[in-house]
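Reviewing the structure listed below.
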Amino acid sequence: MVRVETPITAIAKRWTPSTKVVKRAALSAIMMSVFIIVTGGAVRLTGSGLGCDTWPKCTDDSLFATPAQGMHGAIEFGNRLLTYVLSAAVGWAIIAVSSMKPRRRKVTRLAWSQFWIVLGNAILGGITVWAGLNPWTVAGHFLLANALLAVTVITWVRIGEGDGPARPRAPLPVRRLSWAILATTVVLIVLGTSVTGSGKHAGDSSDVPRMPWDWSAAAHIHAIAAWVVCALAIAMWLALRVVDAPADTRARARDLLVVLLAQGAIGYVQYFSDVPEILVGVHMFGSAIMWIAVVRLVLSMRERGDEEPATLPGPSASAEQRESAQAL
């Protein structure tokens, strides 16, 4: 059977990047994931969500934004173009990871999963336009962008690790606390979409449907979830000092606390100042940074070394058995 050589495998044959180069490639995917979350929020906050009224074209007759669509069309079309920049960053990460020697299959799968998430979210973005900015599809679009962000961060961390089995760096109760923080943060982010989905910034100046509940009540529930995450983060910060956890793990807990305090302050200011667009945009950026901090904290609870070499048969084994073991 003849194997067809793809461009990526051809590059991998001829190029072996350093770990530093691969980590930079993965970092570019993280940065673009955060950037497109923020610019996607800017599209909504400027009322440009239907600046291009169809998809994948911008109008029925034009692939590009037209002068008649004005600034809203330019903003929405510009955000669509950024999807190609994000795809290029993810593609660069895939190429770099695939070119590592020896080949790291699990990390390569992580890198490729970024591509499929980008593709899926692009399609969901098109459905969102077709649905006239239905708040449920808008929320799904945002949540899938956060799923991409999580995978890019995991990929970036895994590049700097070995492929051996995970070894815990903190006692089991502390590790469980980190998973509790992760789970409640997911709930917090989902509840955040219920606030925006029922709130004032529908994404377009026309009559866009909203989620069927009171915006203020949704904001209060979201704030309760934020306080729960803060309480768990404080408990984590204290617990890591009690168990004398590694310095970098304690730093991850500290980083999360700082981000949560800043994010909470912004959230309260925007609520009591009638939700100005600029603060909502800053809050979305803070949400992405918070999510990165949570994922990094969970990953810091374990470490991976190099894979253990296979145990060779003893002297009593035949020469054929020893040669077979050495070949593995």
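Candidates G192, G132: the one that is in contact (Cβ under 8 Å) with a residue 40 or more places away in the chain, outside the structural domain of M32 (by the TED database) and among the small types (G, A, S) is G192. With respect to V208, is the statement that it is at pLDDT below 95 and touching a Leu at 6+ places or on another chain (Cβ under 6 Å) true? Against the criterion (at pLDDT below 95 and touching a Leu at 6+ places or on another chain (Cβ under 6 Å)), V208 qualifies. Among the residues in region 32-55, are any among the hydrophobic types (A, V, I, L, M, F, W, C), open to solvent by 50 Å² or more (accessible area, probe 1.4 Å), in contact with a Phe, Trp or Tyr (Cβ under 7 Å, 6 or more places away or on another chain) and not in a helix (DSSP H, G or I)? Within region 32-55, one or more residues are among the hydrophobic types (A, V, I, L, M, F, W, C), open to solvent by 50 Å² or more (accessible area, probe 1.4 Å), in contact with a Phe, Trp or Tyr (Cβ under 7 Å, 6 or more places away or on another chain) and not in a helix (DSSP H, G or I). Of all the listed residues (D248, D244, D255), the sole one being in a loop (DSSP other than H, G, I, E, B) and either free of Cβ contacts under 8 Å to residues at least 60 places away in the same chain or assigned by the TED database to the domain that holds I75 (or both) is D244. Might you check whether a residue that is touching a Cys at 6+ places or on another chain (Cβ under 8 Å) and not aromatic (F, W, Y) occurs anywhere in region 264-273? Checked against the condition, which is being touching a Cys at 6+ places or on another chain (Cβ under 8 Å) and not aromatic (F, W, Y), region 264-273 yields at least one hit. Taken as a whole, the structure places A293 among residues that are at pLDDT 95 or above, touching a helix residue (DSSP H, G or I) at 6+ places or on another chain (Cβ under 6 Å), under 23 Å from A42 (Cβ atoms) and buried (at least 20 other Cβ atoms within 10 Å of the Cβ). When we screen S273, S287, S198, S206 for residues that are hydroxyl-bearing (S, T, Y), closer than 25 Å to V43 by Cβ, in contact (Cβ under 8 Å) with a residue 12 or more places away in the chain and open to solvent by 30 Å² or more (accessible area, probe 1.4 Å), the only hit is S206. Considering only region 236-283, state which residues are small (G, A, S) and within 22 Å of the chain's Cα centre (by Cα). Scanning region 236-283 gives A251, A253, A262, G264, G267, G281.
One residue stands out among those in region 227-250 that are over 20 Å from P171 (Cα atoms) and touching a helix residue (DSSP H, G or I) at 6+ places or on another chain (Cβ under 6 Å): the one that is least open to solvent (accessible area, probe 1.4 Å), which is V229. Restricting region 131-155 to residues that are over 8 Å from the mean Cα position of the chain (by Cα) and under 27 Å from M100 (Cβ atoms), which is least open to solvent (accessible area, probe 1.4 Å)? Within region 131-155, the match that is least open to solvent (accessible area, probe 1.4 Å) is T155.
The values are calculated or read from the model by the stated rules, or taken from the named source; none is laboratory data. What you see is a predicted model; the values in this text were computed from it and never measured. A quick note on method: Cβ atoms are made from the backbone with ideal geometry, for glycine too, and the neighbour counts reach across all protein chains shown. Surface areas here come from the heavy atoms of the whole protein model, side chains and all, with no ligands, DNA or RNA. Shrake-Rupley method; radii C 1.70, N 1.55, O 1.52, S 1.80 Å.
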